[in-house]
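Below: the structure, in structure tokens.
No value in this document is a laboratory result; all are computed from the given coordinates. The structure presented is a predicted model; accordingly, all values stated were derived computationally and were not measured. Cβ sites come from the backbone with ideal geometry, for glycine too, and all protein chains shown count toward neighbours.
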Amino acid sequence: MSYSIALTLHLIAAVIWVGGMFFAHMILRPSSIEKLEPPQRLPLWSAVFGRFFFWVWISIITILATGYWIIFDTYGGVLSLQITYIQWMHGIGLVMTAIFSYIFFIPYQAFKSAVAAKQFPVGGEQMNIIRQLVTTNLVLGMITIIIASAGKYINF
């Protein structure tokens, strides 16, 4: 029972994080560019990031906690882990967490400050950095989903 609870929470958190990045990057971003000028668009993104990043932090904590719960409870710990696709998911997840932490603490903070001060060119520069890093995390998240769903059938 504990494995099924951990796996369910793990998957829900991954869907929130990766699905949110997909929605923001592929749907909200082009729509906001099409319909809004920077003085309206950047405050919108500031509000979106504020809400979404809260859920990303919850997702990261949940993914890490449940991932380690599964690794220790089911496989005997990280040092005992002999399953390559789980090692890949673990490694990619840590890279994604590091990238998000950088986004949150460096360009996002500069972005918020620039938008609050109505320095839209500076905000736009920070937004571009955030976009590039989110794109990287989105690709890594999609790769992780492929590994999670097909990893035991792929020879690494």
Handout entry: Average Cα contact separation per residue, the chain, under 8 Å, 6 or more apart, as relative contact order %
Key = 32 percent
Practice task
Give a residue-ordered list of calculated ³J(HN,Hα) values for segment 137-146 (Karplus: 6.51 cos²θ - 1.76 cosθ + 1.60, θ = phi - 60°; whole Hz; x for Gly, Pro).
Solution key: 5, 4, 4, 4, x, 5, 4, 5, 5, 4
Practice task
Report the net charge of residues surrounding L81, where surrounding means a beta-carbon distance below 15 angstrom and charges are Lys +1, Arg +1, Asp -1, Glu -1.
Solution key: 0
Exercise for the section: Calculate the spin-label point distance for L28 paired with V122, positioning each point 7 Å from the Cα along the beta-carbon direction, and give it in nanometres. Expected result: 2.4 nm
Fill in the blank from the handout: Label model pair M142, K35: point-to-point distance (7 angstrom along the Cα→beta-carbon line) in nm is 2.4 nm
Problem - Shape box of the chain [Cα atoms, principal axes, largest first, Å] - result: 52, 24, 24
Completion exercise
Rounded to 0.05, the calculated FRET efficiency for the beta carbons of L79 and W55 at R₀ = 22 Å is 0.10
Handout entry: Amide N proximity, segment 1-28 versus Q132 label position 7 Å along Cα-to-Cβ, cut-off under 19 Å
Key = 25-26
